[in-house]
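The structure appears right after this line, and notes come after that.
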Amino acid sequence: MPSRFNRRTALQLLGAGTVLPLAARLAAGTPADDAPRRSAPKGAPNIIFIMTDDQAQDALGIYGNPILKTPNMDRIGREGIRFNRAFVTTSVCAPSRASYLTGLYAHSHGVTSNGEEPGWYQQMGLRHDQITYPMLLRRAGYHTAMVGKWHIKSMPTGFDHWAILQGQGSYFDPQFIVNGAPVRFRGHTDDVIGDQAMAYLQQRPTDRPFCLCYQFKAPHGPWEPDARFYDAFKDVQMPIPPGFGQPQPEGAPEAFSRTTQQVIPNMRDFFHKAERRPPQVDQNLPRPERDHAVLQAFLRNYYRVLLGVDENVGRVLDFLDQNGLAENTIVIYTSDNGMFLGEHGFYDKRMMLEPSIRVPMLVRWPARIHPGRVNDQDMVLNIDVAPTLLDMAGLTPPDWMQGRSWQKIALDQGNAGWRQDFLYEWFEYPAVHCARKHRGVRTQRWKLIHFWETPEEWALYDLHADPGEFHNVVDEPQHAELVAQLKQRITQLRAQTGDVDPPGDVPPRRETGKCPA
């Protein structure tokens, strides 16, 4: 049976060695990837990689949210650089998290779904021999740790210490796995994760640089805030997002207008009495009124759980300041994917529309990055994080990584030859929310989406004239040449990343199962 104790006792026990002798575990490393250690490059920076789960890019104050105040998240961007064009290449938890770690597309690292749906249970995590950036940092002399939400079906490797949520994790009294041993903590999960980060930072070896992956559960559903945030936003009417309560416009692919089930009226999270949330929604309200009430409850609780994240981010930033570590510590803040917050009437993520694929990307490194910079032009991806952190640490990123280092962009040293487009891919169908398999290319102006199982569908959006992506112009004659070019570009990008159909391949008919035909 796992141990069960409160957060304060947990910190004392971890320090004293009652559960697991933390200092001994940190020194011992993990058996799966032991290798001779080299000394880290002289003056190598510390690294803290902060990740949330399902955070829309505009769900931060620094990205212009008029309601949600996130002073600690914002501080990272104000004291460093904010990327406004940051994206993921597969918008769901496990594939994107694996891409952050490996610098590879999902079709290359093999984690193409969460593996939590019928038909996908056989989907495993990262291969035991898959190299990640924490593994390379560790072998170069870094001390490495992972605390919080892992959410990949394989166990962490490349870390001297790890304390991860078991699976998806609950918002209260979470079950953790600490260096292989089950432990249950008391308290709100994101506070527990903050405690684990602080415990590591306080007890880490101080004779070499460290890399800490600090990963929260929020703002993933079911959006259960700690009681200290129950009164936040209770009197605030959340603005109605574009497309909410309206039918999909004429020309929208059936994949958006009929197949997908991730629409606000289908949300059931707020129809029942919940001990861990403020009052919920009366499901007997008339339909338009009920949908509006669900949206309001969703957004309020989504913002409330982020308040807890912001506090715990602040704890770590304050520790860096108080211990003279801030100057030469890289802090990255991002999310595993974006999130629909009612746009198009949707919630969740998955589809290749902007709210789903855009993520926050804030980077602070006082020793090298000038404060207050904003990058509006360059498209940076989740697959870029691994090579970038290796580059910033003074290491050469492996040439097999498909992402690219944006260190020069962050340091204001130019962006010559930077990408002008990128490939997106989605595989998990039929599954929850019924988001059909698709891939596509996004350029600075255009986005072409291909739902590739037969019957096929295509969608083309002009992101300059139609930033909300409401008008599919793929069949307009004036765009025929552009569509042909973008189709060819999808083929090229797939070939460059080793995702090539065999000769004569015919796209299969899409399975329906529990999803609409």
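What whole number of Å gives the distance from the Cα centroid of the stretch 84-101 to the Cα centroid of the stretch 435-504?
Answer, in whole Å: 19.
Distance in nm between label sites at Ile67 and His272, each 7 Å beyond Cα in the beta-carbon direction?
A separation of 2.5 nm, rounded to one decimal place.
Going through the stretch 389-433, which chymotrypsin sites (Phe, Trp or Tyr not before Pro) have at most 12 other Cβ atoms within 10 Å and a DSSP loop state?
Those satisfying the criteria are Trp400.
Once the dipole of the stretch 150-231 is set up with Lys and Arg at +1 and Asp and Glu at -1 on Cβ about the Cα centre, which of Pro174, Thr189, Gly158 lies farthest towards its positive end?
Projecting each Cα onto the dipole axis, the largest value belongs to Gly158.
Please report the relative contact order for the chain, taking Cα pairs under 8 Å with a sequence separation of at least 6, and give it as a percent rounded to a whole number.
22 percent
Could you please report the charge total around Gln262, scoring K, R as +1 and D, E as -1 over all other residues with beta-carbon less than 9 angstrom from its beta-carbon?
+1
Any idea how far apart Leu411 and Asn284 come out in nm if each label point goes 7 Å out from Cα toward Cβ?
Placing both labels 7 Å along Cα→Cβ, they lie 6.6 nm apart.
Would you work out the charge dipole size for the stretch 273-429 about its Cα centre, treating the Cβ of every Lys and Arg as +1 and the Cβ of every Asp and Glu as -1, and quote it to the nearest 20 debye?
Around 320 debye, computed over the stretch 273-429.
In square angstrom, what is the accessible area per residue of the stretch 131-199 with a 1.4 angstrom probe?
Per residue, the stretch 131-199 has 20 Å² of solvent-accessible surface.
Cβ neighbours within 10 Å, averaged per peptide: list 223-229, 298-304, 114-120 in order, most packed at the top.
298-304, 223-229, 114-120
Roll a 1.4 Å probe over the protein heavy atoms and report the accessible area of Arg204 in Å², nearest 10.
Rounded to the nearest 10, that gives 40 Å².
List, in order, the whole-Hz ³J(HN,Hα) value for each residue of the stretch 262-271 obtained from phi through the Karplus relation with A = 6.51, B = -1.76, C = 1.60 and θ = phi - 60°; use x for Gly and Pro.
Whole-Hz 3J(HN,Hα) from phi for the stretch 262-271: 8, 10, 3, x, 8, 5, 10, 4, 10, 9.
Scan around Cys213 for amide H atoms under 5 Å from its own, H built in the peptide plane at 1.01 Å from N, and keep only partners 5 or more places away or cross-chain.
Amide H neighbours of Cys213, under 5 Å, 5+ apart: Phe49, Ala145, Met146, Val147.
Find how much the distance from Ser154 to Gln420 grows on full extension, using 0.36 nm per residue of separation minus their present alpha carbon separation; answer in nm with one decimal.
Taking Ser154 through Gln420 to full extension adds about 92.4 nm, to one decimal.
Would you mind checking which residues have amide H under 5 Å from Phe87's amide H? H placed 1.01 Å from N; only 5 or more apart, or other chain.
Those lying under 5 Å, H to H, from Phe87 are Val359, Val380, Leu381, Asn382.
In the chain, carbon and sulfur make up what percent of the accessible area (probe 1.4 Å)?
The computed percentage sits at 51.
Excluding Asp466 itself, what net charge comes from residues whose Cβ is under 14 Å from its Cβ, given Lys and Arg +1 and Asp and Glu -1?
Around Asp466, the surrounding residues sum to -3.
Lysine pairs in the chain 8 or more apart or on different chains: how many have alpha carbons under 18 angstrom apart?
Taking the chain as the scope, the lysine pair count is 11.
Pick out, from Gly141, Gln478, Thr396, the residue whose Cα sits farthest towards the positive end of the charge dipole of the chain, with +1 on the Cβ of Lys and Arg and -1 on the Cβ of Asp and Glu.
Checked the options; the winner is Gly141.
Got the relative contact order for the stretch 91-224 handy, in percent, Cα pairs under 8 Å and 6 or more residues apart?
Relative CO of the stretch 91-224 lands at 20 percent.
At 1.4 Å probe size, with every protein chain present, just tell me what the per residue accessible area of the stretch 380-450 comes to in Å².
Computed with neighbouring chains in place, this is 30 Å² per residue.
Among all cysteines in the chain, which have no other cysteine Cβ under 4.7 Å from their own Cβ?
Taking the Cβ cut-off of 4.7 Å, the unpaired cysteines of the chain are Cys93, Cys211, Cys213.
Quote the FRET efficiency, to the nearest 0.05, computed for Val500 versus Ala480 with a Förster distance R0 of 22 Å and r equal to the Cβ-Cβ distance.
0.30
How much length is gained if the chain between Met124 and Arg368 is pulled fully straight, taking 0.36 nm per residue apart and subtracting their Cα-Cα distance, in nm to one decimal?
Gain in length upon complete extension: 84.0 nm.
I need the peptides 73-79, 197-203 ranked by packing, meaning the mean over residues of other C-beta atoms within 10 angstrom, with the highest value on top.
73-79, 197-203
What is the packing order of peptides 489-497, 462-470, taking the mean over residues of other C-beta atoms within 10 Å and listing the highest first?
Output ranking for 489-497, 462-470: 489-497, 462-470.
How big is Rg to Rh over the chain, alpha-carbon atoms, Rh as the Kirkwood inverse-mean-distance radius?
Rounded to two decimals, Rg over Rh is 0.95.
With charges only on Cβ, +1 for K and R and -1 for D and E, what is the dipole size of the stretch 78-141 about its Cα centre, in debye, rounded to 20?
Rounded to the nearest 20 debye, it is 360 debye.
Relative to the Cα centre, what is the charge dipole magnitude of the chain, using +1 at the beta carbon of each Lys and Arg, -1 at the beta carbon of each Asp and Glu, and rounding to the nearest 20 debye?
Its charge dipole is roughly 1360 debye.
In whole angstrom, how long is each semi-axis of the equivalent ellipsoid of the stretch 375-503, when you take the square root of 5 times every eigenvalue of its Cα gyration tensor and sort them from largest down?
29, 19, 14
The values are calculated or read from the model by the stated rules, or taken from the named source; none is laboratory data. For clarity, every value in this text was computed on a predicted model and none was experimentally measured. As a convention, Cβ positions derive from the backbone with ideal geometry for all residues, glycine included, and neighbour counts pool all protein chains shown. Accessible surface is based on the protein model in full, side chains and every heavy atom, while ligands, DNA and RNA are left aside. Shrake-Rupley method; radii C 1.70, N 1.55, O 1.52, S 1.80 Å.
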